[in-house]
Amino acid sequence: MNVTDVHDRWESRSGAYSPEYYAYYGPNATSEAIRRTLARFVDPDATVLELGCSSGRHLAHLHDHGYENLFGIDINETAFDVMQRHSPDLFAAGTFYCCPIERLARSVSADRFDVVYSVETLQHVHPDNEWVFDELARVAGTTLLTAENEGQYPTQDESPSRPPADSSASEIRHVDGVPLYVRDWTQVFTDRGLHPAECEQTELERHTLRAFRVDAASTPGER
């Protein structure tokens with residue numbers, strides 16, 4: 001499956017893991033873990049970007065707890081129709097982009113957002129587009145969070161396969177026919193100059209929450 005195929009699958013996603021699916025379940029333990037982690041590093045007036053925001057359940061949780069400068073990006077146009085119906089206050093307050101992450105990451109200035117975070121989104125970045133990790137490290141002003149599968153949680157259908165030799169992925173798994181690239185996210189972002197920070201809660205349903213700071217002098221628990 002190439003980059004275009006991966007984008008097409010998510011652009012037209014329905015059923016499981018679609019915007020309607022996530023709107024139905026609403027905020028969860030990951031939403032709260034992200035909120036608690038952000039509270040240690042930034043104030044509620046921070047600019048926060050979610051990658052692959054879908055219908056906005058994690059952003060809605062932040063908005064309900066006082067965050068106002070919220071941004072989201074998703075490739076599926078339906079996500080924002082669903083968000084408008086299920087989280088109208090978030091939809092009215094936030095700024096949203098409907099395009100691939102790669103396009104936005106290249107177009108914005110360095111340190112554009114105080115916080116950039118993803119939940120089970122970067123694990124679907126195709127090996128040909130791993131350059132986007134450099135761009136995300138560039139646009140995150142203070143903090144970057146990942147809540148991604150690191151290989152310890154089982155996925156669904158096909159046997160794992162090997163990624164290209166020059167990829168940072170260690171294996172390729174599949175979820176409902178969509179590839180999931182297992183990566184060591186600590187290595188991915190420390191290789192790009194970011195610094196690991198402690199999280200109060202890390203092991204979640206299908207993923208591990210990790211925090212990275214742009215400035216090594218900014219230590220966990222500083223607030």
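Would you pick out the residues in segment 23-38 that are touching a residue at least 40 places away in the same chain (Cβ under 8 Å) and over 19 Å from ALA93 (Cβ atoms)? Those that are touching a residue at least 40 places away in the same chain (Cβ under 8 Å) and over 19 Å from ALA93 (Cβ atoms): ASN28, ALA29, THR30, ALA33, ARG36, THR37. So is THR155 modelled with pLDDT under 80, under 17 Å from VAL119 (Cβ atoms) and open to solvent by less than 60 Å² (accessible area, probe 1.4 Å) or not? Yes; evaluated as a whole, the condition is true for this residue. Against the numbered list (1) under 20 Å from ALA211 (Cα atoms); (2) at pLDDT 95 or above; (3) in contact with a Leu (Cβ under 9 Å, 6 or more places away or on another chain), HIS58 comes up short only at (3). Select from segment 90-112 the residues that are surrounded by fewer than 22 Cβ atoms within 10 Å (Cβ to Cβ), among the hydrophobic types (A, V, I, L, M, F, W, C) and in contact (Cβ under 8 Å) with a residue 24 or more places away in the chain and list them in ascending order. Passing the criteria: PHE91, ALA93, PHE96, CYS98, CYS99, LEU104, VAL108, ALA110. Count of segment 1-55 residues, restricted to those that are hydroxyl-bearing (Ser, Thr, Tyr), at pLDDT below 75, open to solvent by 60 Å² or more (accessible area, probe 1.4 Å) and in a helix (DSSP H, G or I), is 3.
The values are calculated or read from the model by the stated rules, or taken from the named source; none is laboratory data. Everything numeric here is computed off the predicted structure, so don't read it as measured data. Methodologically, a virtual Cβ is constructed for each residue, glycine included, from the backbone with ideal geometry; neighbour enumeration extends over all protein chains shown. The area values use the complete protein model at the heavy-atom level, side chains included, leaving out ligands, DNA and RNA. Shrake-Rupley method; radii C 1.70, N 1.55, O 1.52, S 1.80 Å.
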